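The values are calculated or read from the model by the stated rules, or taken from the named source; none is laboratory data. Everything quoted here is computed from the prediction, not taken from an experiment. Here the Cβ is made from the backbone with ideal geometry for all residues, glycine too, and neighbour counts use every protein chain on show.
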């Protein structure tokens, strides 16, 4: 199976007998070849470091089995995509609570996921996050609040029937997990107002 995104191609394979995913960053024809190679290499290394830091922070993420200049070979996590699960399970609030705790752990460690959608989450008794390709390190309230804003927008778009209760459970656990949550949620409210009335 191959999945092609804007930034990378994902292919299923095995690594030392274990199910794995190869994530290879796509060449960009509009960039000079040497610059393109440098950018792809830097982003591949940055994603590996974010995954390692997220695991140290107590968040379930794929293990990086190995890396070359522009690709990662990652553990293929078992479980169900949360995007699918939230439409069928009766445990929506429990899953949402786990999301809130995990995001709190990431932010406490200064990690911004960058693409917090339920397509980038897997459930197998607990939550796991995948695809840190847009992530970065930051402790700024603006960056962390933007992470939350992306998540809330994703819930509204993909799970509108449950979005309000899901968001309530996420925020409740986020506040319990992250000591600086009040500062981030204050900035989140500013971002919501700013984007609601822009233009």
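Within the range 29-49, does at least one residue satisfy the condition of being within 30 Å of residue 168 (Cα to Cα) and surrounded by 14 or more Cβ atoms within 10 Å (Cβ to Cβ)? Within the range 29-49, one or more residues are within 30 Å of residue 168 (Cα to Cα) and surrounded by 14 or more Cβ atoms within 10 Å (Cβ to Cβ).
None of 192, 175 is assigned to a helix (DSSP H, G or I), at pLDDT 95 or above and either closer than 28 Å to residue 72 by Cβ or over 17 Å from the mean Cα position of the chain (by Cα) (or both) except 175.
Scanning the range 75-105 for residues that are out of contact with any helix residue (DSSP H, G or I) (no Cβ under 8 Å at 6 or more places or on another chain) and either outside any helix (DSSP H, G or I) or not assigned by TED's automatic domain parsing to the domain that holds residue 181 (or both) yields 75, 76, 77, 78, 79, 80, 87, 88, 90, 91. Listed by first and then second residue, the pairs linking a residue in the range 130-141 that is in the same structural domain as residue 10 (by TED's automatic domain parsing) and crowded, with 23+ Cβ neighbours inside 10 Å to a residue that is modelled with pLDDT of 95 or more and in a loop (DSSP other than H, G, I, E, B), with Cβ atoms under 7 Å apart and 6 or more places separating them unless they lie on different chains, form an empty list.
Here 20, 54 are screened, and the one residue that is surrounded by 15 or more Cβ atoms within 10 Å (Cβ to Cβ) and over 23 Å from residue 111 (Cα atoms) is 20. Name every residue in the range 81-113 that is over 21 Å from residue 172 (Cα atoms) and within 15 Å of the chain's Cα centre (by Cα), in order of residue number. Once the filter is applied, which keeps residues that are over 21 Å from residue 172 (Cα atoms) and within 15 Å of the chain's Cα centre (by Cα), the range 81-113 yields only 81.
Within the range 65-88, the residues that satisfy the criterion of being buried (at least 20 other Cβ atoms within 10 Å of the Cβ) and within 28 Å of residue 35 (Cβ to Cβ) are 70, 72, 73, 74.
In the set (1) at pLDDT 95 or above; (2) more than 30 Å from residue 161 (Cα to Cα); (3) touching a strand residue (DSSP E or B) at 6+ places or on another chain (Cβ under 6 Å), residue 77 fails one condition alone, (2).
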